[in-house]
1. Can you spot a residue in the range 80-93 that is assigned to a loop (DSSP other than H, G, I, E, B), on the phi > 0 side of the Ramachandran plot and under 16 Å from the mean Cα position of the chain (by Cα)?
2. What are the residues in the range 22-45 that are outside any helix (DSSP H, G or I), in contact with a Leu (Cβ under 8 Å, 6 or more places away or on another chain) and either modelled with pLDDT under 95 or open to solvent by 60 Å² or more (accessible area, probe 1.4 Å) (or both), if any?
3. List every residue pair whose Cβ atoms lie under 8 Å apart, where the two residues are 6 or more positions apart in sequence or sit on different chains, the first residue falls within the range 28-52 and is β-branched (Val, Ile, Thr), and the second residue, located anywhere, is buried (at least 16 other Cβ atoms within 10 Å of the Cβ) and not in a strand (DSSP E or B).
4. For the list (1) open to solvent by less than 50 Å² (accessible area, probe 1.4 Å); (2) in contact (Cβ under 8 Å) with a residue 40 or more places away in the chain; (3) in a helix (DSSP H, G or I); (4) not aromatic (Phe, Trp, Tyr), I need the number of the one condition that residue 60 fails.
5. Which of the residues belonging to the range 110-123 are more than 16 Å from residue 141 (Cβ to Cβ) and touching a strand residue (DSSP E or B) at 6+ places or on another chain (Cβ under 9 Å)?
6. Examine the range 148-156 for a residue that is basic (Lys, Arg) and either in contact with a Lys or Arg (Cβ under 6 Å, 6 or more places away or on another chain) or in a helix (DSSP H, G or I) (or both), and state whether such a residue exists.
7. Restricting attention to the range 63-73, which residues are surrounded by 15 or more Cβ atoms within 10 Å (Cβ to Cβ) and either in contact (Cβ under 8 Å) with a residue 60 or more places away in the chain or more than 20 Å from residue 168 (Cβ to Cβ) (or both)?
Amino acid sequence: NISDWGGERLREDVRWQFGAPPVGNANYAWLQHIYHHLAPNGTAGVVLANGSMSSNQSGEGDIRRAMVEADAVDCMVALPGQLFYSTQIPACLWFLARNKNPGPRLRDRRGQVLFIDARQMGVLVDRTRRELTDNDIQKIAGTYHAWRGEPGADDYADVAGFCKSATLEDIRKHGHVLTPGRYVGAEAQADDGEA
């Protein structure tokens, strides 16, 4: 969210393929900078504040829409709050991909985005900080690897309340907002027989 990043001097930069990022917030400058430098079949993960998934201020919504429509977004992960020493606010992971169909080794993911809602994961290690357990990390990473169709990974399946492979049409219906909770739905509740 850095505001003093020199954006006023970089209005016509070649990296702004999806639109010039706002001068007062570097989130979409970082995303486009990283995407610009990806190899032809490259992927990258970026940690940003949750607001980046839904902000419409200063053209950010238009940039996000252009990124989604260009199939640059591979996966979105909503993380729990209190993961970082420097801030209590929850963050998210953006996974960007230059080519969602990079050959016979991986699943064709064109026109799809994987959403993972990990907000309820992790354990409090003290009253101000949460950590993801090894099992939590394996569940998140394993889901992404399965969705990509990587060799040795499990088969992918949507899990209500946790993960959903959404189409571009699904994302358009949500106004190109990339908050996983909008897509994964609620976790199925077991019927305990009580009214």
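1. Going residue by residue through the range 80-93, those that are assigned to a loop (DSSP other than H, G, I, E, B) are 80-90.
Remaining after also requiring on the phi > 0 side of the Ramachandran plot: 82.
Imposing the further condition that a residue be under 16 Å from the mean Cα position of the chain (by Cα) reduces the set to none.
No: zero hits.
2. Initial filter on the range 22-45 (outside any helix (DSSP H, G or I)): 22-26, 37-45.
With in contact with a Leu (Cβ under 8 Å, 6 or more places away or on another chain) added as a condition, the list becomes 38, 43-45.
Passing the criteria: only 43.
3. Going by the 8 Å Cβ cut-off, the qualifying pairs are 43/98; 46/30; 46/31; 46/34.
4. The one condition residue 60 does not meet is (2).
5. Hits for the range 110-123 are 111, 112, 113, 119, 123.
6. Checked against the condition, which is being basic (Lys, Arg) and either in contact with a Lys or Arg (Cβ under 6 Å, 6 or more places away or on another chain) or in a helix (DSSP H, G or I) (or both), the range 148-156 yields at least one hit.
7. 64, 65, 68, 71, 73, listed by residue number.
Yes/no per residue for (1) touching an Asp or Glu at 6+ places or on another chain (Cβ under 9 Å); (2) within 28 Å of residue 27 (Cβ to Cβ); (3) at pLDDT below 90; (4) loosely packed, with under 12 Cβ neighbours inside 10 Å:
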position	(1), (2), (3), (4)
90	no, yes, yes, no
96	yes, yes, no, no
134	no, no, no, yes
139	no, yes, no, no
155	no, no, no, yes
165	yes, yes, no, no
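The values are calculated or read from the model by the stated rules, or taken from the named source; none is laboratory data. Being a predicted model, the structure only gives us computed values, none of them experimental. When we count neighbours, we look across all protein chains shown, and the Cβ atoms used for this are built from the backbone with ideal geometry, even at glycine. What goes into the accessible areas is simple: the full protein's heavy atoms, side chains included, and nothing from ligands, DNA or RNA. Shrake-Rupley method; radii C 1.70, N 1.55, O 1.52, S 1.80 Å.
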